[in-house]
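Presented below is the structure to which this report refers.
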Ligand SMILES: Nc1ncnc2c1ncn2[C@@H]1O[C@H](COP(=O)(O)OP(=O)(O)OP(=O)(O)O)[C@@H](O)[C@H]1O
């Protein structure tokens, strides 16, 4: 694996390769309910490689459920969900998807450093990816380089990272501006810094889709701006961004496309058209308005 595979632009061109074909996310007529009453009903939408899509809607409107359906964590009662062209429930290339959840207070308790968290992004590659390659595999390489091969094999089996893996980890930390915090305990960071670290973990995993579920809840205003600037930069480098967000101003300012959900899709189109539309009032109720960033 070459070091430049960490470069988001390189990944983006691979992800948008027409040969790869098809949308990243593809929901077709998806209906789902935890009980007999659907909380997501007849939703069809596709997200193409490189898009920046925000899903908005009132509390309890089905946004997180929709995300779980997209990721194959829930199976639709009707319709079909596909991820990178595969049945989402069977999708097993998990490292292609970087998931950043709402402020995980559990992370405060994790007795590990920032670098160790980001290192986890490399785990899917370690055991297989670090095994000596070649047509004859370990046997051939054992003849050529017995000491090195034995060391690499032992590292792979024990899950130890190679120098190239560590470079990828450090590049990811640099991309999110957290290199200086590499040796800090994750619990000693602010909410915004912690979210950056989780993005770095996704980058270290070479994710080409970032899924974020209200990532800035509880994060101070200044850090929120910096966080969105980072997402903009990653998207500009070609990473597909799928964001659930309650801050409609931020959505309109940053996302290219808005999906407004309240069980059904009320709006799906460019962010500026969403502002002009009546979807907000229909989905949220007449009193709804834009609160921040993008204006009223
Ligand atoms: N595990 C569950 N079991 C039963 N009902 C659930 C479960 N998860 C969510 N629900 C219900 O499904 C509906 C949609 O919930 P969901 O979490 O998808 O909405 P949301 O738009 O993400 O809400 P919020 O903005 O408050 O996070 C709600 O009525 C919720 O109470």
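Quick check: pseudo-label points 7 Å beyond the Cα along Cα→Cβ at residue 78 and residue 282, how many nm apart are they?
The answer from the label model is 2.0 nm.
At 0.36 nm per residue, and after removing the present C-alpha to C-alpha distance, how many nm does the segment from residue 190 to residue 42 gain when stretched out fully?
Stretched fully, the residue 190-residue 42 segment lengthens by 49.3 nm.
Suppose we look only past 17 Å in the calculated P(r) of region 157-250. What percent of the Cα-Cα pairs does that tail hold?
51 percent
If I take R0 = 25 Å and measure r between the Cβ atoms of residue 160 and residue 237 in this structure, what FRET efficiency does the formula 1/(1 + (r/R0)^6) give, to the nearest 0.05?
Efficiency, from the Cβ-Cβ distance: 0.30.
With the Cα gyration tensor of region 22-61 giving a ≥ b ≥ c as the square roots of its eigenvalues, does the rule (a/c under 1.5 for rounded; else a/b larger than b/c for prolate; else oblate) give rounded, prolate or oblate?
Oblate, since a/c reaches 1.5 and b/c is not below a/b.
Only the coordinates and a few stated rules stand behind these numbers; no lab work does. Keep in mind that this is a model prediction, so the values were computed, not measured. Virtual Cβ from ideal backbone geometry, glycine too; neighbours counted across all protein chains shown.
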